[in-house]
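Encoded as structure tokens, the structure appears first; notes follow it.
The values are calculated or read from the model by the stated rules, or taken from the named source; none is laboratory data. Computed from a predicted model, the values in this text were never measured in an experiment. We place every Cβ from the backbone using ideal geometry, glycine too, and count neighbours over all the protein chains shown. Side chains included, ligands, DNA and RNA excluded: accessible areas come from the protein's heavy atoms. Shrake-Rupley method; radii C 1.70, N 1.55, O 1.52, S 1.80 Å.
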Amino acid sequence: MGTKKALIWVGSYTADRNGNGQGIVALSADDDGRLTSLGLATAANSPSFLALHPSLPVVYAVAEEGKTVRAYRRTGDVELEAFGDPWPAGEATCHVAADPHGRFIVATCWGDGQVILYELDDDGAITSHTSAAAAVDPHTATSPDEPRPSRAHSSLMLPDGRVMTTDLGHDLVRVWRYSPGGRLQQDHQVILPAGSGPRHMARHHSGTVFVDTEYSVEVAALRMEPDGTYELTTMVPASATGAKEGDAGAEIGLSPDGRFAYVGVRGSNRICVLKVSHGGAELEPVADVPCGGEWPRHHLVREGWLYVANEGSDDVVSFKLNRETGLPDGVVSRVETGSPSVLIPAV
């Protein structure tokens with residue numbers, strides 16, 4: 001029987017986004033993969049993405065419909081309370097990530113393409129916000145008569161202190177340097193094929209950053225050159241059997257040992273498993289498995305388990321991962337929760 005308990009925060013879509021959630025929910029997962037709902041941590045409108053402060057009991061949440069970002073402070077085993085006022089964000093703010101040194105958070109906005117930096121004080125409270133430079137579409141020649149909107153979608157904190165962001169609308173990955181005083185200055189950018197739609201990112205321990213694409217349902221590998229710039233080295237299909245009509249890539253996660261990557265695909269409701277080889281330089285799709293529900297918006301790979309937030313079926317499910325093959329061995333546990341959109345381990 002399981003003894004250890006891991007706490008997982010679950011963001012959701014609520015009534016303001018036609019969802020069934022109520023706010024941020026707490027789940028526990030034991031070492032047998034069993035999931036238990038611990039109830040509502042705090043009511044909030046569509047906290048669709050969450051981030052943890054690296055050292056303080058503070059959670060940051062976007063309000064995707066409300067166009068704000070807000071801090072919440074943990075007050076008990078699973079309770080959260082608002083910590084300061086909500087701060088303005090952009091249209092359809094869909095992602096937030098925290099600097100590993102606790103200096104700032106970055107929010108990205110699907111609706112208007114904004115990348116917004118929020119500085120933090122020593123208590124983890126938000127103190128200021130500044131929008132970074134807007135993206136410029138490098139593929140204008142492919143659609144000169146119909147400008148494509150910028151769709152900033154996620155950010156990733158790099159070990160050297162830089163910040164990487166995706167722009168799904170302009171097929172860009174941009175790398176930024178943080179300047180104390182509240183600014184992100186663009187260092188360089190990596191152009192992906194037109195229409196691919198870079199969405200989320202995961203950094204391999206080799207230094208390679210894998211980017212899953214929403215539109216083309218692929219995985220791109222970005223390798224850092226000696227001069228510190230990232231280059232696109234390969235793109236492979238996420239699925240071993242190919243994308244289906246209506247598919248859309250969602251989250252990408254890596255096994256702790258870096259041997260496997262997992263990509264959620266909405267539409268056909270699959271988790272695609274890819275094998276990583278040659279020190280993170282290559283990856284190959286090996287199998288697709290059912291996600292255990294509908295519309296897998298986000299997933300978490302943790303200590304031999306895969307947890308999937310199925311927004312469309314209002315549940316979170318757990319899978320045991322086969323240590324040798326990397327494949328999920330079937331649903332172990334399922335817990336109902338309204339329109340789950342993100343899973344973040346609390347510790």
query = How far apart, in nm, are the 7 Å Cα→Cβ label points at Asp31 and Asp121?
reply = 4.1 nm
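Full-extension gain between Glu284 and Lys244, please, as 0.36 nm times their residue separation minus the C-alpha to C-alpha distance. Kindly include the intermediate steps, with their values, before the conclusion.
On the way: separation 40, 0.36 × 40 = 14.40 nm, distance 1.83 nm.
Answer, rounded to one decimal: 12.6 nm.
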key: Selected from Thr325, Ala287, Ala125, residue furthest toward positive end of dipole (the chain; charges at beta carbon)   = Thr325
inquiry  = Can you bin every Cα-Cα distance in region 126-226 into 5 Å intervals starting at zero and give me the percent of pairs per bin, rounded to whole numbers?
reply    = 2, 13, 23, 23, 19, 12, 6, 2, 0
request  = Quick one: which residues, 5+ away or cross-chain, put their amide H under 5 Å from the amide H of Gly23? H built at 1.01 Å from N.
outcome  = Ala44
request  = Would you please give the residues with an amide H less than 5 Å from that of Ala92, counting only those at least 5 places away or on a separate chain, with H modeled from the backbone geometry?
outcome  = Lys67, Gly111
query = Leaving out ligands, DNA and RNA, what percent of the accessible area of the chain is carbon and sulfur, probe 1.4 Å?
reply = 48 percent
message = Counting C-alpha atoms alone, how compact is region 57-107: give Rg to one decimal and Dmax as a whole number, in angstrom.
response = 11.2, 33
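What stretch of the chain, leaving out the sites themselves, is the longest with no trypsin sites (Lys or Arg not before Pro) in a DSSP loop having at most 12 other Cβ atoms within 10 Å? Don't skip to the answer; put the middle values down first.
Values: sites that count: Lys4, Arg323.
Longest run free of exposed loop sites: 5-322.
Accessible area per residue, 1.4 Å probe, Å², for region 1-126: what's the number?
On the way: 5060 Å² over 126 residues.
For region 1-126, the solvent-accessible area averages 40 Å² per residue.
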Entries in Lys5/Lys320; Lys275/Lys320; Lys244/Lys275; Lys67/Lys320 that, when Cα-Cα distance is taken, lie over 27 Å = Lys67/Lys320
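Please compute the length gained on full extension between Gln185 and Arg259, using 0.36 nm multiplied by the number of residues separating them and subtracting their Cα-Cα distance. Could you put the intermediate results ahead of the total?
Numbers: separation 74, 0.36 × 74 = 26.64 nm, distance 3.36 nm.
That works out to 23.3 nm of additional length.
Lys and Arg at +1, Asp and Glu at -1: add these up for the other residues within a Cβ distance under 14 Å of Val136 and post the number. Numbers along the way, then the final one.
Working: positive: Arg148, Arg151, Arg174; negative: Asp137, Asp167, Asp171.
Summing Lys/Arg as +1 and Asp/Glu as -1 gives 0.
Counting heavy atoms of the protein chains only and a 1.4 Å probe, report the per residue accessible area for region 134-234 as a whole number of Å².
Values: 4160 Å² over 101 residues.
So region 134-234 comes to 41 Å² accessible per residue, rounded to a whole number.
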ask   = Hey, what do the phi angles of region 193-202 turn into as Karplus ³J(HN,Hα) couplings, whole Hz, using 6.51/-1.76/1.60 and θ = phi - 60°, x for Gly and Pro?
value = x, 4, x, 7, x, x, 10, 10, 9, 9
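Considering only protein heavy atoms, what per residue accessible area in square angstrom results for region 263-316 with a 1.4 angstrom probe?
Per-residue value: 33 Å².
What number does region 1-75 give for Rg over Rh if you use C-alpha atoms and the Kirkwood radius?
On the way: Rg = 13.3 Å, Rh = 13.0 Å.
The Rg/Rh ratio comes out at 1.02.
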query = Once the principal axes of the Cα atoms of the chain are found, what is the range along each, listed largest first in whole angstroms?
reply = 56, 47, 38
task = Give, as a single signed number, the net charge of other residues whose beta carbon lies under 14 Å from the beta carbon of Ala41, with Lys and Arg counted +1 and Asp and Glu -1.
result = 0
